[in-house]
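Accompanying notes for the structure given below.
No lab work stands behind these numbers, since they all come straight from the coordinates. Nothing here was measured: the structure is a model prediction, and the numbers come from that model. Neighbour counts run over all protein chains shown; Cβ positions are idealised from the backbone, glycine included.
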């Protein structure tokens with residue numbers, strides 16, 4: 001039980017540890033730091049490499065110079081062929097035949113002596129004599145046992161044994177009359193075996209001939225190892241080394257291949273294979289990445305503290321950064337045919353502009369400029385050759401992309417941004433080529449093609465990745481707002497069909513708020529979309545709201561003011577519920593929650609005061625739950641909502657009345673404290689007031705007074721239409 005409690009509290013401590021924002025930040029920084037270092041080191045090419053035989057190459061290794069080197073593989077092949085063509089050196093053994101004769105004569109002399117002796121154990125002596133002979137059973141198998149051969153010899157006369165003796169000498173002489181080497185003995189044995197079968201002797205005599213002759217035969221040519229080795233050495237030395245020309249850009253070792261000794265020898269000749277301390281490279285990359293991370297964190301701390309405090313936004317920045325680096329790393333391995341001078345230009349394809357546009361759209365434009373510079377520097381490190389040119393092009397292209405997505409009004413703006421990036425890349429590439437002092441038309445053409453491809457690739461990546469990042473990080477971008485602004489959204493369709501008065505009121509609020517948004521530094525598109533959805537809660541009970549009451553029947557006249565106020569104020573809560581069911585982003589839900597702030601439903605509050613006899617009416621019961629608007633966009637919609645409803649209630653909305661009403665509404669909201677949490681200034685309120693007045697005066701302008709004759713004609717037609725309807 002005690003152990004369980006220990007595990008419980010330990011697990012709880014670990015869980016709370018990882019829930020801390022500071023802990024998550026540290027883990028995230030370490031993770032992205034490690035991934036960035038891995039990406040850089042996977043492609044970082046120092047001047048020298050240190051490879052070992054049979055090691056798998058992690059990248060392509062190219063020659064940076066033109067050089068004539070020795071082709072060790074072909075040279076070794078020729079040397080091997082020369083060594084193989086050398087014949088073995090043999091030395092003649094002049095005593096080989098005589099030694100063979102001596103062995104044969106010795107055997108038969110001993111046999112005759114034993115046979116002619118008077119010893120009683122001569123059978124045993126003959127058996128021992130035969131058993132001392134090494135019978136090569138791999139050449140032939142004797143047909144008789146040793147005892148049978150002994151009995152055969154004892155049964156023969158000295159003359160018969162002498163005849164067998166003479167045939168053994170003849171057979172050995174015939175076999176050794178030609179050069180005999182150790183390798184040729186097997187063939188000689190077969191020859192003796194076959195020739196013996198042709199003799200007109202008894203089977204026992206043939207077995208004795210085979211045993212004695214095959215055992216006595218020896219090579220008459222002895223292999224001379226020393227002389228052979230000298231001949232091979234002379235042949236190898238006579239082979240001239242094979243030379244070949246290596247061109248700059250030529251791949252010596254391909255990525256994924258096992259490194260051979262020949263390749264290492266070639267790298268050594270080119271001066272690439274050395275023995276530098278690779279730990280210096282690792283330390284240098286780590287320090288550089290650490291410095292850039294410190295710069296990013298310090299930049300966020302000074303200018304974007306709210307982003308630094310937001311773990312999800314930090315994760316988003318890191319993810320975009322890593323995605324761009326990974327794609328760039330992949331581009332470094334792209335090879336187009338066998339054209340090293342073209343492959344060296346793929347650095348212009350690095351889609352830094354895609355990362356720049358994603359950060360600008362999802363987070364902030366100014367932050368995107370700073371991170372574009374950092375990403376461009378990393379691009380310069382990932383590519384060999386003109387790394388500075390690639391970094392400059394990436395930075396300018398990314399900056400052009402940021403400028404184009406500053407205010408995205410439709411999806412096609414992203415495609416247009418790709419075109420501007422391509423144009424910026426073309427101008428930069430041409431300028432940099434001129435800066436070199438020479439202009440290679442072929443190289444410049446390929447560079448421009450890559451620059452244009454970069455613009456298209458950046459736009460495609462942005463369009464493709466953006467929806468997933470929006471969904472994963474719950475960020476409402478301009479593109480998402482454009483989708484929500486579509487009148488075909490089912491909530492807006494419901495609002496039009498079930499509460500058409502509210503729908504048109506929302507459109508008017510959107511127009512009012514949007515007209516003044518940009519002039520005070522607010523987001524016009526966000527204001528418009530927020531206004532479209534701010535009153536969707538009225539779908540639940542549309543007949544209780546004046547803009548939807550198209551008859552003289554007002555349901556509020558039949559219920560208590562407190563209940564009326566509850567119904568009116570509850571449209572905020574009901575709107576939030578509808579918005580969550582429809583998965584609307586939080587930034588839009590904020591408009592629903594905050595467009596009334598904690599304002600007072602004055603009409604019903606005043607009615608309640610009139611009906612209150614005991615004086616127990618609480619003002620808080622007639623106020624909205626809030627919260628108060630916390631941004632310029634939310635405050636704009638609150639003001640536009642109140643102003644539009646108030647001006648619409650005017651019986652004769654002249655410009656003067658409209659102006660007085662707008663000022664009164666703004667002043668009332670200000671005095672009621674509804675704008676306390678918003679960043680609107682008095683100057684902003686003045687601009688907003690003038691903008692509202694201008695728009696409303698245009699909507700409620702004084703109609704032209706038609707002549708009396710025309711008015712009467714209109715009335716007649718209206719009456720006629722009315723009769724037809726009935």
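Here is how the numbers come out for the structure above:
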{"quantity": "Intensity falloff of segment 509-598 expressed as log10 I(q)/I(0), Debye formula with alpha-carbon point scatterers, at q = 0.12, 0.19, 0.22 Å⁻¹", "calculated": "-0.44, -0.91, -1.07"}
{"quantity": "Nearest-ten-degree value, helix 561-581 long axis tilted from longest Cα axis of the chain", "calculated": "20"}
{"quantity": "Descending semi-axes in Å of segment 291-372, equivalent ellipsoid built from Cα gyration tensor", "calculated": "31, 11, 11"}
{"quantity": "Hypothetical label at residue 683: residues of segment 501-518 whose amide nitrogen lies under 18 Å (7 Å Cα-Cβ projection)", "calculated": "516-518"}
{"quantity": "Separation of alpha-carbon centers, segment 629-702 and segment 366-387, rounded to whole Å", "calculated": "47"}
{"quantity": "Helical mean residue ellipticity (222 nm; -39500 (n - 2.57) per DSSP H run of 4+; nearest 500) of the chain", "calculated": "-21500 deg cm²/dmol"}
{"quantity": "Computed over the chain, Cα set: Rg, Dmax in Å", "calculated": "51.3, 176"}
{"quantity": "Computed E for residue 239/residue 88 - FRET, C-beta separation, R0 25 angstrom, nearest 0.05", "calculated": "0.80"}
{"quantity": "Using alpha-carbon coordinates, inclination of helix 278-303 to the longest axis of the chain, degrees", "calculated": "10"}
{"quantity": "Beta bridge orientation in the chain: antiparallel %, DSSP, nearest 5", "calculated": "90"}
{"quantity": "Segment 132-186: C-alpha gyration tensor shape, a/c 1.5 cut-off, then a/b vs b/c", "calculated": "oblate"}
{"quantity": "Sorted by Cβ neighbour density within 10 Å, fewest at the top, the residues 693, 286", "calculated": "286, 693"}
{"quantity": "FRET E, pair residue 619, residue 558, Förster distance 22 Å, beta-carbon r, rounded to 0.05", "calculated": "0.40"}
{"quantity": "FRET efficiency, residue 145 to residue 200 (Cβ-Cβ, R0 22 Å, nearest 0.05)", "calculated": "0.40"}
{"quantity": "Shape of segment 90-223, Cα gyration tensor, a/c cut at 1.5", "calculated": "prolate"}
{"quantity": "Cα-based helix-to-principal-axis angle, 708-725 vs the chain, degrees rounded to 10", "calculated": "60"}
{"quantity": "Label-to-label distance, nm, for residues given as residue 231 and residue 154 (7 Å Cα→Cβ offset)", "calculated": "5.3"}
{"quantity": "Likely footprinting exposure, 291, 402, fewest C-beta neighbours within 10 Å first", "calculated": "291, 402"}
{"quantity": "Cα pair count fraction exceeding 27 Å, expressed as % - segment 497-700", "calculated": "28"}
{"quantity": "Between segment 485-512 and segment 138-201, the alpha-carbon center distance in angstrom", "calculated": "120"}
{"quantity": "Segment 317-412: relative contact order as a whole-number percent, Cα under 8 Å and 6+ apart", "calculated": "30"}
{"quantity": "Shape of segment 556-617, Cα gyration tensor, a/c cut at 1.5", "calculated": "prolate"}
{"quantity": "Likely footprinting exposure, 298, 226, fewest C-beta neighbours within 10 Å first", "calculated": "226, 298"}
